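The block underneath contains the structure these notes are about, expressed in structure tokens.
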Amino acid sequence: MTPLSAFASWAPSTTPLAVNHQDQTVATTISFNLPPGRSLSDAQAVIAQAVDAIHMPNTVRGSFKGTAQIFQQSLSSEPVLIAAALVAVYIVLGILYESYVHPITVLSTLPSAGVGAVAALILFNAEFDIIALIGVILLIGIVKKNAILIIDFALAAERNEGLAPREAIYRACMLRFRPILMTTMAAILGALPLAIGFGEGSEIRRPLGIAIIGGLIASQLLTLLTTPVVYLYLDKLRRPRSGPRQAPGSPGQPAVAQPPQPQAG
């Protein structure tokens, strides 16, 4: 009989009760918590730097799971989601106005809303999470109504009353200021409870309200200033050689010569 000590040794130690597998390979899960004042994106950046520093072999691979994986997937789909929303809005507005140019005038109001939303989140020390992204997407639908109210009235004035683009957009801004202000204030007051809410789950809803209010305030301050300028410049590009539209029978329109009528002898 050959004793076991002749070719092996043993000693008391610790070993896992089960060996976990993922995709037919041995896997180990390492959990981590976030320190105060840090976001999940900061933790992912630190972990990626640590992985690069230790130079793991090719046989060892790492990936995020759980909440970190969902956050990573959401970040990768954010540009596609925003681009799809902008394309859908452009198509709908192009059908509405029967133009390729004026939808760009409406979409020109969105950058100010995005800057206002991000600035408000930074000012109130709120994270730009999935809920804040939902607020930015909501701003795409809320903010563009300011430019729609102005441009729709200006185009109607050009077509029906024969006004020049400059006069039409000026009249549109003057007459549409009150409805724009009323609808914006209604949206701000509707989002105010989300921004200042307290209680269980309020920290999840607060970035949504802050993003909406910040974007609405910034867009309200800039819409009446930038929309007329963009409207006039794009109108010049659309018809550089044509003069202002004139309604039939309007003053200043040249009269059309009528052919002589034959008289009976």
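The values are calculated or read from the model by the stated rules, or taken from the named source; none is laboratory data. Since the model is a prediction, treat every value here as computed from it, not as a measurement. So basically every Cβ, Gly included, is an ideal-geometry build from the backbone, and we count neighbours across all protein chains shown.
Assorted remarks:
- Just one of (1) at pLDDT below 85; (2) more than 21 Å from Pro111 (Cα to Cα) fails for Ala168. It is (1).
- Number of residues in the stretch 92-107 that are in a helix (DSSP H, G or I) and of a type in the set (Gly, Ala, Ser) equals 1.
- A Cβ distance below 8 Å, combined with a sequence gap of six or more or placement on separate chains, defines the contacts here; from the stretch 55-68, residues that are farther than 12 Å from Thr28 by Cα reach residues that are part of a loop (DSSP other than H, G, I, E, B) and among the small types (Gly, Ala, Ser) in the pairs Met56/Gly62.
- Restricting Pro111, Pro103 to residues that are touching a helix residue (DSSP H, G or I) at 6+ places or on another chain (Cβ under 7 Å) and either crowded, with 16+ Cβ neighbours inside 10 Å or not aliphatic (A, V, I, L, M) (or both) narrows the list to Pro103.
- Residue check for Ala27: surrounded by 11 or more Cβ atoms within 10 Å (Cβ to Cβ) and in contact with a His (Cβ under 7 Å, 6 or more places away or on another chain): yes
- Of the residues making up the stretch 154-187, those that are farther than 17 Å from His102 by Cα and under 26 Å from the mean Cα position of the chain (by Cα) number 12.
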